[in-house]
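See structure below.
The values are calculated or read from the model by the stated rules, or taken from the named source; none is laboratory data. In this text, all values refer to a predicted model and were calculated from it rather than measured experimentally. As a convention, Cβ positions derive from the backbone with ideal geometry for all residues, glycine included, and neighbour counts pool all protein chains shown. Areas reflect the complete protein model, heavy atoms only, side chains present, ligands, DNA and RNA absent. Shrake-Rupley method; radii C 1.70, N 1.55, O 1.52, S 1.80 Å.
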Amino acid sequence: MRRSSSRHRHRILRLAGLLLLAAGTAWADADPYTVIPPRLAQSPVLDGVLVEAEWQGAARLSGFTQFEPQEGAPASEATEVLVGYDTHNLYFAVRANDSDPGALVAKVLTRDGELTFDDTVEIILDTFHDGRNGFLFSTNPLGAQVGALVRSEGEQINLDWDGLWSCATHRDDRGYTVE
């Protein structure tokens, strides 16, 4: 069955200044999606299944708004993001709710594949805290991975950048999850 391309949703999560914690800087901003992640008591197993014990104490973000089609309007589907770290890694978990999970669009399986027409979660880390440059991490419900360097507010996206990162996804009756 062919569906309209307007059905797919991209969840773009711009999280500014996250890595400042590693430098020991206590920093906050008026941006509601800025977070200083806590150290997790237990490192999560990357299997796409959000086990509460692993994520207990993580920073939680929700209440996201639309970028398209109505910038600033409440999100059409609820999304929750969990953030934490351990000695070696920074971790994200995303609960991407969908009122019609059977209609999720996910076809791409290859690393650095074209995810434009898939439902996706994208996290942009603005580690320079300049609102213009960052690191993009994107995945779909199948776990395809796309990483890129973003410059000049997205005017330049370098897909040749291959950072070391892993993810796992899981689909369920509420949508999908990403770790």
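Of interest is the spacing of the C-alpha centroids, which for the range 141-179 and the range 104-122 amounts to 9 Å. Rolling a 1.4 Å probe over the protein heavy atoms leaves Thr65 with an accessible area of roughly 70 Å². Ranking of Ile36, Ile157 by solvent-accessible surface, largest first: Ile157, Ile36 (1.4 Å probe, protein heavy atoms only, all chains present). Provide the net charge surrounding Val49, with neighbours chosen by a C-beta distance below 12 Å and charges set as Lys +1, Arg +1, Asp -1, Glu -1. Around Val49, the charge tally is -3.
Note on Asp162 and Gln66: the model spin-label points, each 7 Å out from Cα along the C-beta direction, lie 3.9 nm apart. Summing Cβ point charges (Lys, Arg +1; Asp, Glu -1) relative to the Cα centre of the range 29-84 gives a dipole of roughly 240 debye. Once all protein chains are placed together, Tyr85 keeps about 60 Å² accessible to a 1.4 angstrom probe.
What's the extension gain from Asp172 to His129 if we count 0.36 nm per residue and subtract their Cα-Cα distance?
12.0 nm
Extension gain, Asn89 to Val51: 0.36 nm times the residue separation minus the Cα-Cα distance gives 11.9 nm.
With each label modelled as a point 7 angstrom along the Cα→C-beta vector, the Ala78-Ser152 pair spans 4.1 nm. Heavy-atom accessible surface of Arg39, to the nearest 10 Å², is about 130 Å², with a 1.4 Å probe and all protein chains retained.
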